[in-house]
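Everything on this sheet refers to the single structure shown next.
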Amino acid sequence: MNGSSEGPPGRSPRPPYGPPIHDAIAGNDLQHMKAVAEAARKALYEVDFEPVAADSHDEVKEALDALESAIARMERAGGEDG
């Protein structure tokens, strides 16, 4: 599975609640669960990016690591939830 929240071609993407999330939990596939969670977060916060070009993968990975570290610091410090 590719982790996309999109339905079959020609149909709108599935909403990120209810059955898709519960199905991911029931499927007990960690990678799929993470992909569904990420798709739901993207829908909740209206964040979407173009696919990362192969020559930019390392740069984006480094920036994402920095972002995740900043988030963890804020969570440990009791920062805002959004």
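Return the residues of the stretch 56-70 that are among the aliphatic types (A, V, I, L, M) and within 16 Å of GLU38 (Cα to Cα); say none if nothing qualifies.
Those that are among the aliphatic types (A, V, I, L, M) and within 16 Å of GLU38 (Cα to Cα): LEU64, LEU67.
Yes or no: ARG41 in a helix (DSSP H, G or I), surrounded by 11 or more Cβ atoms within 10 Å (Cβ to Cβ) and out of contact with any Asp or Glu (no Cβ under 7 Å at 6 or more places or on another chain)?
Criteria met by ARG41.
Exactly one condition in (1) at pLDDT 80 or above; (2) in contact with a helix residue (DSSP H, G or I) (Cβ under 8 Å, 6 or more places away or on another chain); (3) exposed (fewer than 10 other Cβ atoms within 10 Å of the Cβ) is false for ILE21; which is it?
(3)
The values are calculated or read from the model by the stated rules, or taken from the named source; none is laboratory data. Since the structure is predicted, the reported quantities are computational estimates derived from the model, not experimental observations. All Cβ positions, glycine included, derive from the backbone under ideal geometry; neighbour counts span all protein chains shown.
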